[in-house]
Amino acid sequence: MEASQELHLPNYMKDDNTSQETNNLISSLPADKDFMGYSLYNYKGCWYYPNTLQAVLDVQDNFRPQKNDIILASLPKGGTTWLKSLVFALVHREKYRENPQIIHPLLSQNPHDLVPFLEIELYASSHTPDLAKFPSPMIFSTHMHLNALHEATTKSSSSPCKIVYVCRGLKDTFVSGWHYKNMLHRTKMDQASFELMFDGYCRGVTLYGPYWEHMLSYWKGSLEDRENVLFMRYEEIIEEPLIQVKRLAEFLNCPFTEEEEESGSAEEILNLCSLRNLSNLEINKKGTTRIGIDSNVFFRKGEVGDWKNHLTPQMAKRIDEVVEVKLRGSGLIFQ
Ligand code: PAP
């Protein structure tokens, strides 16, 4: 597929919002192309489209989180939408329990509109966005590697904010990403594109790739700073949702009280945030999110092991080998 073909293209994939300074920087960076022919540039070990890189630089220069802010970091297709829903529902639960007449925002807004992306939304439209308009505690999200995010967070004068990270096995993440690409661009791509995308993925040349470096940055960060960096896995939330949601609440300093335990508050949150519930809401079936992406593209099957329906045994072996080598010795293991 050629980059010149008419496609529905989100702003973060474009190159029309970069400063002269960033263009100069870009011209000095290693370059490659994604499977559709769009240019990617490697900045400090991570691949970006030009507009994404501009926004990341702006986050690094201007974003200074406050003490109670929460940052949800995720591998693209690693469980972002689910984590946004769960954390929003957790930290604001008192407000909605006390006011049952208010419709819960998760029933009327897409999770991505409740928890904005730093670099894909806020800093994509302004170098210094107005962050005060979001309810406290502010919850932001990002796909940046931890070392890139730390260039902003460690410069804040406040004490460190909480960072929750979620990721997923790389074979399912790839397959989810493939379906996402087709839905995002409102097209049906062919087998040759599938194979090209797979090749770029295994080489690490994909937006925010290499994904193993992404996971490793948060894995190491969580070992070094357990109080402020929590490492979660999509598969674990699927397998033991109650345990994981309670773990999340404790990490965020809002553990479930005894009374909440008895009334089934955690179960309620899990139901509210379930794929079945969210994907059946009108708001998530129709319309677009604030950044112009169709709301329904974030919801599909949510199955562990869906890769078996799409990857050949050779493809699976290739990813497994890359991951095994790259994660070796880190203590992080993915099947
Ligand atoms: P993003 O990084 O682009 O925001 P992200 O939400 O991480 O995407 O990934 C989407 C995946 O999460 C989809 O997986 P699938 O393609 O394997 O089906 C989607 O179905 C799944 N997903 C979205 N919301 C939920 C949810 N509430 N519970 C469980 N899985 C979910």
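The values are calculated or read from the model by the stated rules, or taken from the named source; none is laboratory data. Values in this document were obtained by computation on a predicted structure and should not be read as measured data. We place every Cβ from the backbone using ideal geometry, glycine too, and count neighbours over all the protein chains shown. Quick note on the areas: whole protein, heavy atoms, side chains included, nothing else; ligands and nucleic acids left out. Shrake-Rupley method; radii C 1.70, N 1.55, O 1.52, S 1.80 Å.
Tabulated values for the structure
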read-out: Options 162, 84: the member that is within 9 Å of the ligand (Cβ to nearest atom), charged (D, E, K, R) and under 24 Å from residue 237 (Cβ atoms); value: 84
read-out: Members of the stretch 305-335 found to be of a type in the set (A, V, I, L, M, F, W, C), modelled with pLDDT of 95 or more and exposed (fewer than 11 other Cβ atoms within 10 Å of the Cβ), listed by number; value: 325
read-out: The stretch 57-82: number of residues that are buried (at least 24 other Cβ atoms within 10 Å of the Cβ), farther than 30 Å from residue 305 by Cα and among the charged types (D, E, K, R); value: 0
read-out: Residue selected from the stretch 109-145 under the condition of a type in the set (S, T, N, Q) and part of a loop (DSSP other than H, G, I, E, B), by the criterion nearest to the ligand (Cβ to nearest atom); value: 110
read-out: Top-ranked residue of the stretch 275-294 - restricted to ones that are small (Gly, Ala, Ser) and modelled with pLDDT under 95, ranked as nearest to the ligand (Cβ to nearest atom); value: 292
read-out: Residue 132 vs. criteria open to solvent by 10 Å² or more (accessible area, probe 1.4 Å) and among the hydrophobic types (A, V, I, L, M, F, W, C); value: yes
read-out: Checking residue 300 against (1) in contact (Cβ under 8 Å) with a residue 40 or more places away in the chain; (2) part of a loop (DSSP other than H, G, I, E, B); (3) open to solvent by 50 Å² or more (accessible area, probe 1.4 Å); (4) more than 28 Å from residue 213 (Cβ to Cβ), the condition it does not meet; value: (4)
read-out: The stretch 170-200, residues that are open to solvent by 40 Å² or more (accessible area, probe 1.4 Å) and either of a type in the set (A, V, I, L, M) or not in a helix (DSSP H, G or I) (or both); value: 183, 186, 187, 188, 190, 192, 196
